[in-house]
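Take a look at the structure set out below.
The values are calculated or read from the model by the stated rules, or taken from the named source; none is laboratory data. Predicted model, so just to flag it, every value in this text is computed and none were measured. Here Cβ is always computed from backbone atoms with ideal geometry, including for glycine, and neighbour counts include all displayed protein chains. The protein model used for the area step is the full one, side chains on, heavy atoms only, and it has no ligands, DNA or RNA in it. Shrake-Rupley method; radii C 1.70, N 1.55, O 1.52, S 1.80 Å.
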Amino acid sequence: MSGQEYCMTEFLRVSGVYWGLTAMDLMGQLHRMNKEEVLHFVEGCQHPCGGFGPTHQQDPHLLYTLSAIQILTLYDSLDVIDAEQVVKYIVSLQQEDGSFYGDHWGEVDTRFSFCSLACLALMGRLNAINVDKAVEFVLSCMNFDGGFGSVPGSESHAGQVYCCVGALAIAGALYHVDADQLGWWLAERQLPSGGLNGRPEKLPDVCYSWWVLSSLKMIGRIHWIDKEKLEHFIMASQDEETGGFSDRPGDWVDPFHTLFGLGGLSLLGNKQVKPVNPVFCMPQDVLDRIGLKVKLLDSV
């Protein structure tokens, strides 16, 4: 990567570290990474308010705060940061309707609802927020097709579905979801190539092997798609020279699609990849280690 490319990707640095480390852990190779350097970097990304930025000099946001907490959980090292201040930061961003601002600028999105609940669950502090109001807001974003959007009335999108279903799972409120209706919408995301898209009339993308599959797993409908065709699409997107995965066959590889390609393969039962937790996109053994259990819907 050139110096220019490195600077241009600064806004997602801590998330990139999460993608890379989680991919390595899913392959049983986390020990090859420099733990001390990683922890030093993440610790430096925390602001006095408690939130994390993507790098040392960037503003804090819930998206980066979740990535930081996931990294620290992988290493069982939440003690290196001011955890109580993180909780206060998240609490300060919840609004009266149950939604969350992503940062102090006031954007609302169901992604931020998921980030908040996931962070607090990983830290064992879910009781710090109004969970009932958080659930109420997420449910207000449910559409007639069974899917979810970023805010009430917005278009259903597989990425938002993952965030909303994940948030409801963490809150113990998955029973509100019409699993058959949502499962049908998600199953329709599979295209003739075997790949999945995020919404109707869009191209397939390896990252939706995670957003769609994990959602189907959480609602007990993962068997509603053609697993063999999807695995073929994912494997066709792997670069033989570098080993990474791209959005679709023939494109340039990156850590984002590599993680979500591996996550998809894990959900499909590929034994070369460790079992992944469909809610947190982290190795299941990490969640077992910290004693975090989330109830999913039964398969039918």
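Assorted remarks:
- Of the residues Val91, Val138, the single one that is open to solvent by less than 10 Å² (accessible area, probe 1.4 Å), in contact (Cβ under 8 Å) with a residue 12 or more places away in the chain and assigned to a helix (DSSP H, G or I) is Val138.
- Among the residues of region 263-278, those that are open to solvent by less than 20 Å² (accessible area, probe 1.4 Å) and either out of contact with any Leu (no Cβ under 8 Å at 6 or more places or on another chain) or without any contact (Cβ under 8 Å) to a residue 40 or more places away in the chain (or both) comprise Leu265, Asn277.
- Test for Pro48: is it more than 30 Å from Lys271 (Cβ to Cβ), without any contact (Cβ under 8 Å) to a residue 60 or more places away in the chain and touching a Phe, Trp or Tyr at 6+ places or on another chain (Cβ under 6 Å): no
- Residue match in region 198-219 (condition: more than 25 Å from Ile69 (Cβ to Cβ), aliphatic (A, V, I, L, M) and surrounded by fewer than 16 Cβ atoms within 10 Å (Cβ to Cβ)): yes
- The lone criterion from (1) under 19 Å from Lys35 (Cα atoms); (2) open to solvent by 10 Å² or more (accessible area, probe 1.4 Å); (3) in a helix (DSSP H, G or I) left unmet by Asp76 is number (3).
- Selection status of Gly98, part of a loop (DSSP other than H, G, I, E, B), under 26 Å from Asn277 (Cβ atoms) and over 19 Å from the mean Cα position of the chain (by Cα): yes
- Single residue of region 39-66 satisfying the filter (among the aliphatic types (A, V, I, L, M) and open to solvent by 20 Å² or more (accessible area, probe 1.4 Å)) that is nearest to the chain's Cα centre (by Cα): Leu63
- Test: residue in region 232-243 that is within 17 Å of the chain's Cα centre (by Cα) and not aromatic (Phe, Trp, Tyr): no
- Of the residues Gly172, Gly263, the single one that is in contact with a helix residue (DSSP H, G or I) (Cβ under 9 Å, 6 or more places away or on another chain) and outside any helix (DSSP H, G or I) is Gly172.
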